[in-house]
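Engineer: Please find one structure pasted underneath; my questions will follow.
All of the numbers you see were taken from the coordinates with simple rules; none came from a lab. Given the structure is predicted, the values throughout are model-derived calculations rather than measurements. Methodologically, a virtual Cβ is constructed for each residue, glycine included, from the backbone with ideal geometry; neighbour enumeration extends over all protein chains shown.
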């Protein structure tokens, strides 16, 4: 079965559905129409550009091109984590923590998928490496961002209580235990909800794309299961690293709370 190629006219027709969002924003006074327009144009440019870039990289089948694009993806994902924080760590640490966690998690999950599951030849085949890496870091980014945001907000809100517990001699991770658990739940909940809805309520993106391109639905479901397990594992590892790293940076070796290291996003 061959897939049906979409024309430019099809794309223009599909884009008119965005007018519904804009119309609702204007009618209800939400003030989202400008943001909606900017993000729609941004999405259009990004997806069009990455389509040409991937076509070029797929034709090269080079580990250097694959690694280069992977690092760019991780770098931008680290910036997105930073952009989602209303209270962020000052200096390079705000960007460095999220990016470092994504780098480790992305490498571990993708290497596991390539070496133990898919096993393409060669192992660095970009057609497999880059989509899998993108789905893992995209979802892990959400978990890390939510976890870090929840932790910083709750710690700032409960500053007096935490400092009181630290003052009576509790170690920092004990004093922050409840806040860390809350942040971990917040970061992991999106993937848990997605797993619960997959197959019954929705057909996830990868499975839908493969079915539309003519892949057998059974094979498509196998790939989707693999991706969901990778995303779940990556999100758990990433959220843990992001939350505990943030807790570590919000305190010092003398187990004192250091909220002066936070900066409110403008």
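Engineer: Given a Förster distance of 35 angstrom, what is the FRET efficiency for residue 157 paired with residue 71, based on the Cβ-Cβ distance and rounded to 0.05?
Structural biologist: About 0.45, to the nearest 0.05.
Engineer: Given 0.36 nm per residue, what is the gain on full extension from residue 100 to residue 125 after removing their alpha carbon distance, in nm? Don't skip to the end; give the middle numbers.
Structural biologist: Working: separation 25, 0.36 × 25 = 9.00 nm, distance 2.39 nm.
Here the answer is 6.6 nm.
Engineer: Given only helices, namely DSSP H runs of n ≥ 4 each adding -39500 (n - 2.57), what is the per-residue ellipticity at 222 nm of the chain, to the nearest 500 deg cm²/dmol?
Structural biologist: Working: 11 runs with 195 residues, N = 266.
Helices in the chain give a 222 nm mean residue ellipticity of -25000 deg cm²/dmol.
Engineer: Under a plain spin-label model, where a point goes 7 Å from the Cα along Cα-to-Cβ, how far apart in nm are residue 39 and residue 64?
Structural biologist: Here the answer is 3.9 nm between the modelled labels.
Engineer: Further, regarding this structure: Taking springs between alpha-carbon atoms closer than 10 angstrom, which of 55, 181, 93 fluctuates most in the Gaussian network model of the chain?
Structural biologist: 55
Engineer: Mind checking the angle between helix 33-60 and the chain's longest principal axis? C-alpha axes, 0 to 90 degrees, to the nearest 10.
Structural biologist: 60
Engineer: Starting from the coordinates of the alpha-carbon atoms of the range 84-214, obtain the Kirkwood hydrodynamic radius over all distinct pairs and give the value in Å to one decimal. Display every interim value, and only then the final one.
Structural biologist: On the way: mean 1/r = 0.0573 Å⁻¹.
After inverting the pairwise mean of 1/r, the radius is 17.5 Å.
Engineer: Can you give the translational diffusion coefficient of the range 1-60 in µm²/s, computed by Stokes-Einstein from the Kirkwood radius over Cα pairs at 37 °C and 0.692 mPa s?
Structural biologist: On the way: Rh = 13.8 Å.
This corresponds to a translational diffusion coefficient of 238 µm²/s.
Engineer: Which log10 I(q)/I(0) values does the chain give at q = 0.10, 0.11, 0.16 Å⁻¹ under the Debye formula, counting every alpha carbon as one identical point scatterer?
Structural biologist: -0.64, -0.76, -1.31
Engineer: May I pose another question? Calculate, for residue 16 and residue 185, the FRET efficiency according to 1/(1 + (r/R0)^6) with r their C-beta to C-beta distance and R0 30 Å; round to the nearest 0.05. Working shown, then result.
Structural biologist: Numbers: r = 39 Å, r/R0 = 1.31.
Efficiency at R0 = 30 Å is approximately 0.15.
Engineer: Would you mind computing Rg(Cα) / (2.2 N^0.38 Å) for the range 13-133, counting N as its residues? Kindly include the intermediate steps, with their values, before the conclusion.
Structural biologist: Values: Rg = 18.5 Å, N = 121, 2.2 N^0.38 = 13.6 Å.
Ratio of Cα Rg to 2.2 N^0.38 Å: 1.36.
Engineer: Just order 127-134, 223-230, 207-214, 96-103 by mean Cβ neighbour count inside 10 Å, highest at the front, would you?
Structural biologist: Working: 127-134: 19.8, 223-230: 18.1, 207-214: 15.4, 96-103: 22.0.
Per-residue Cβ counts within 10 Å, averaged per peptide and sorted highest first, yield 96-103, 127-134, 223-230, 207-214.
Engineer: To continue, here is another question. First measure r as the distance between the Cβ atoms of residue 193 and residue 52, then evaluate 1/(1 + (r/R0)^6) with R0 = 25 Å and state the FRET efficiency to the nearest 0.05.
Structural biologist: Numbers: r = 34 Å, r/R0 = 1.37.
Computed FRET efficiency for residue 193 and residue 52 comes out at 0.15.
Engineer: Rounded to two decimals, what ratio of Rg to Rh does the range 121-168 give with C-alpha atoms and a Kirkwood Rh? Each step should come with its number before you reach the end.
Structural biologist: Details: Rg = 19.4 Å, Rh = 13.7 Å.
We get a ratio of 1.42 for the range 121-168.
Engineer: In nm, to one decimal, how far is the modelled label at residue 24 from the one at residue 93, with both set 7 Å along Cα→Cβ?
Structural biologist: 4.1
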